[in-house]
Amino acid sequence: MLQDIPTPTLREARACVLETERLTLRKPTLADVKAIARLANDRRIAENTRRLPHPYTQDDAIEFVRALGAGGRETVFLIENNHTPVGMVGIDWREETSAELGYWLGVDYWGQGFGTEAARAVIDYYFEEFDLDQLIAGARVVNPSSRNILEKCGFQWSGVELHRFEALGS
């Protein structure tokens, strides 16, 4: 007799590795916390991300990676170039019907096209793996580079929203 075997829900993160021409995107591990903390501990990054605190410590990185392992509401990838961590990219599932793309790069890696390349890979992954037809993303008005990444990835401006930014204390 055939038995129904439950399949994972769409929200369960599956361990996978995405590869692009120059980048490898994989799930961050506790072995990555030093690199994550080193990259993220820059006020210029924190001021352009909603939930990244500043300063960003190894304890923050440990808490983040452990939350991902505990089945958090995010699908997150560490971005690597030649086995060197350069940033993070992922999908935030906080809203049941509208997932949000987010990303950040270490300052030393700005302006090299890594953000666009990583975002495109995760966008492709999202639409191939999940049964949803919409993905949202946002960028601060004072961050034209991030807006350019989103435009290159096919996002269209749809309005202005107010958000709180942890590093800004708003």
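The values are calculated or read from the model by the stated rules, or taken from the named source; none is laboratory data. Note that the coordinates shown come from a computational prediction; the quantities given were computed from them, not determined experimentally. When we count neighbours, we look across all protein chains shown, and the Cβ atoms used for this are built from the backbone with ideal geometry, even at glycine. When the accessible area is computed, the model is the full protein with side chains, heavy atoms only, and any ligands, DNA or RNA have been set aside. Shrake-Rupley method; radii C 1.70, N 1.55, O 1.52, S 1.80 Å.
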Would you point out which residue out of 65, 107, 76, 86 is of a type in the set (Val, Ile, Thr) and in contact with an Asp or Glu (Cβ under 6 Å, 6 or more places away or on another chain)?
107
The number of residues in region 88-107 that are closer than 15 Å to residue 125 by Cα and assigned to a loop (DSSP other than H, G, I, E, B) is 1
Taking region 126-170 and the residues there that are part of a helix (DSSP H, G or I) and either touching a strand residue (DSSP E or B) at 6+ places or on another chain (Cβ under 7 Å) or among the polar types (S, T, N, Q) (or both), the one that is modelled with the lowest pLDDT would be 146
Just wondering, is there one or more residues in region 73-81 that are out of contact with any His (no Cβ under 8 Å at 6 or more places or on another chain), assigned to a helix (DSSP H, G or I), among the aliphatic types (A, V, I, L, M) and farther than 13 Å from residue 137 by Cα?
no
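Based on what the data block shows, is residue 61 open to solvent by less than 20 Å² (accessible area, probe 1.4 Å) and either over 16 Å from residue 124 (Cα atoms) or part of a loop (DSSP other than H, G, I, E, B) (or both)? So that I can check it myself, show each step before the final result.
Working: open to solvent by less than 20 Å² (accessible area, probe 1.4 Å): yes; either over 16 Å from residue 124 (Cα atoms) or part of a loop (DSSP other than H, G, I, E, B) (or both): yes.
Criteria met by residue 61.
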Only unsatisfied item for residue 51, checking (1) touching a strand residue (DSSP E or B) at 6+ places or on another chain (Cβ under 9 Å); (2) open to solvent by 60 Å² or more (accessible area, probe 1.4 Å); (3) under 18 Å from residue 149 (Cβ atoms); (4) in contact (Cβ under 8 Å) with a residue 60 or more places away in the chain, is (3)
So, residue 103, is that one modelled with pLDDT of 90 or more, over 25 Å from residue 16 (Cβ atoms) and surrounded by 17 or more Cβ atoms within 10 Å (Cβ to Cβ) or not?
no
Residue count, region 50-75, condition modelled with pLDDT of 95 or more and within 11 Å of the chain's Cα centre (by Cα), comes to 0
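Could you tell me whether region 65-86 includes any residue that is open to solvent by 80 Å² or more (accessible area, probe 1.4 Å) and among the acidic types (Asp, Glu)? Step through it out loud before you land on a result.
First pass over region 65-86, keeping only residues open to solvent by 80 Å² or more (accessible area, probe 1.4 Å): 66, 70, 73, 82-83.
From the residues that got through so far, the ones that are among the acidic types (Asp, Glu) too are none.
Checked against the condition, which is being open to solvent by 80 Å² or more (accessible area, probe 1.4 Å) and among the acidic types (Asp, Glu), region 65-86 yields no hits at all.
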